[in-house]
Amino acid sequence: MIKCSLKKEIMNTIRNRVLAGMRPTGRLHLGNYLGAAKGMLALQDDPDFDTLFTVVDIHATTTPYDQKTLKASARDVFIDYLSVGLDPEKSAITIQSDLSDLITQLSFYLSSVMSVARMQHLPTFKEKVKQHPDNVTMALLNYPLLMAADILIYKASKVPVGIDQEPHLEIAREVARKMNERFGTDFPEPTRFATVGEYVPSLLGGGKMSKSVEGSSIELDDNLDTIISKLKKAPTDSGRGNKVPVEGGVANLLQFVKLFEGEDSRKHYEILYTSSGIRYGDLKKQLAEAIFAELKPIQEKRVELEKNPEYIDKMIALGAKKSRAIAEKTVEEVKKKMGLG
Ligand code: TYM
């Protein structure tokens, strides 16, 4: 209770604000959980920080999507946020489009200081162009500026995200610097808050766990049987050798062991690898149980939350109200500084 009212007081200053978001492009997976949600939770529980979180549904429209299901998907991710332990009383949690008037407006103003060439050279943009060659739109090019607007609209200085988001944060810093130089605004240059799971590998042996790569992920709502069968498919080797692999399927499995069973367990398997050998059947079973033990309370909380849709509606509205008050102030300030207000 004390912490809650303290946080409300801090809300009125611009010190140490945190903003993080996730796209509603499917249910959350372990990458989202370890790379982002864990950091969001740590900062929510830190009295030095004011935390604002959002489900970025407008970002989802920058790649091919289904407009019939987007609203429900955004609500699903909002419920996932609450299920993992984000607390709408301690943090301001929004669905981005509830503030579309302010965020897209700021994003447009920010675009006035960034060159087209800079945006086109971004590795994340080039990746998306490869993935969706028929969808190279202005919205896609503007994606990082919409993300910068999400952050800068609250003058947030810390952003708990996975390492894959670093190029986007670089843009947010650059745009903050340029706006401050050109118009005299006071945007902080936001930095990433990293977790131990800042890069969660794919189950397939290469690349990162991702919603867009079939079979690469474990979802937060997977049951024990599903986790076991997904891990069964993860590539391994003979279990024995002179040197523990540093990349590929075995390295990834050992990374999961570290994340869910701790560094000591990983060391234990590393020793086995160079001595009597690892029995992957046992490793995978134990790992699946450790993963499920962490997911079970999240799944139980979700079942409870789903029984109370009115509460969810209320919390979505509360988040929008809290965030709007801050966002309106920033947009007014920027308009004035740009000679528009
Ligand atoms: P998105 O929706 O792709 O992912 C949501 C969060 O999950 C993290 N993540 C991972 N972390 C570690 N290992 C992985 N395999 C993994 N996969 C996903 C992402 O780094 C991210 O933190 N552009 C953002 C959404 C966004 C945003 C923002 C984030 C829009 N506006 C403002 C922070 C602040 C994105 O596409 O995340």
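The values are calculated or read from the model by the stated rules, or taken from the named source; none is laboratory data. What you are looking at is a predicted structure, and each value in this text was computed from that prediction instead of being measured. Heads up, the Cβs are rebuilt from the backbone with ideal geometry, glycines too, and the neighbour counts pull from every protein chain shown.
Data overview
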| item | result |
| --- | --- |
| Filter result for Gly184 (in contact (Cβ under 8 Å) with a residue 12 or more places away in the chain and outside the structural domain of Ala60 (by TED's automatic domain parsing)) | no |
| Among (1) more than 11 Å from the ligand (Cβ to nearest atom); (2) crowded, with 18+ Cβ neighbours inside 10 Å - the single one Gly162 does not satisfy | (1) |
| Single residue of Ile228, Ile218, Ile171, Ile163 found to be touching a helix residue (DSSP H, G or I) at 6+ places or on another chain (Cβ under 9 Å) and more than 30 Å from Gly262 (Cα to Cα) | Ile171 |
| Residues that are over 15 Å from the mean Cα position of the chain (by Cα) and more than 10 Å from the ligand (Cβ to nearest atom), drawn from the range 51-62 | Thr61 |
| Total residues in the range 172-203, condition in a loop (DSSP other than H, G, I, E, B) and more than 12 Å from the ligand (Cβ to nearest atom) | 6 |
| Any hit, the range 136-148, residues being more than 22 Å from Val331 (Cα to Cα) and without any contact (Cβ under 8 Å) to a residue 24 or more places away in the chain | yes |
| Check on Leu254, of a type in the set (A, V, I, L, M, F, W, C), touching a residue at least 60 places away in the same chain (Cβ under 8 Å) and surrounded by 17 or more Cβ atoms within 10 Å (Cβ to Cβ) | no |
| Residues located in the range 101-128, provided they are in contact (Cβ under 8 Å) with a residue 60 or more places away in the chain and either touching a Ser or Thr at 6+ places or on another chain (Cβ under 9 Å) or within 11 Å of Tyr143 (Cα to Cα) (or both) | Leu102, Ile103, Leu106, Lys128 |
| Yes/no for Gly215 being in a loop (DSSP other than H, G, I, E, B), touching a Phe, Trp or Tyr at 6+ places or on another chain (Cβ under 8 Å) and surrounded by fewer than 18 Cβ atoms within 10 Å (Cβ to Cβ) | no |
| Counted residues, the range 257-294 - those being of a type outside the set (Lys, Arg), outside any helix (DSSP H, G or I) and surrounded by fewer than 21 Cβ atoms within 10 Å (Cβ to Cβ) | 5 |
| In the range 91-121, the residues that are farther than 18 Å from Thr25 by Cβ and in contact with a strand residue (DSSP E or B) (Cβ under 7 Å, 6 or more places away or on another chain) | Ser91, Ala92, Ile93 |
| Some residue of the range 313-330 being among the polar types (S, T, N, Q), within 30 Å of Lys155 (Cα to Cα) and either assigned to a helix (DSSP H, G or I) or in contact (Cβ under 8 Å) with a residue 12 or more places away in the chain (or both) | yes |
| Conditions (1) within 13 Å of the ligand (Cβ to nearest atom); (2) in contact (Cβ under 8 Å) with a residue 24 or more places away in the chain; number of the one not met by Leu169 | (2) |
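Residue-wise test of (1) within 13 Å of the ligand (Cβ to nearest atom); (2) assigned to a loop (DSSP other than H, G, I, E, B).
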position: Ala117; (1), (2): no, no
position: Pro144; (1), (2): yes, no
position: Ala156; (1), (2): yes, yes
position: Gly205; (1), (2): no, yes
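Matching residues to (1) of a type outside the set (A, V, I, L, M); (2) assigned by TED's automatic domain parsing to the domain that holds Ala149; (3) touching a helix residue (DSSP H, G or I) at 6+ places or on another chain (Cβ under 9 Å):
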| residue | (1), (2), (3) |
| --- | --- |
| Gly249 | yes, no, no |
| Arg266 | yes, no, yes |
| Gly277 | yes, no, no |
| Gly281 | yes, no, yes |
| Ala293 | no, no, yes |
| Arg324 | yes, yes, yes |
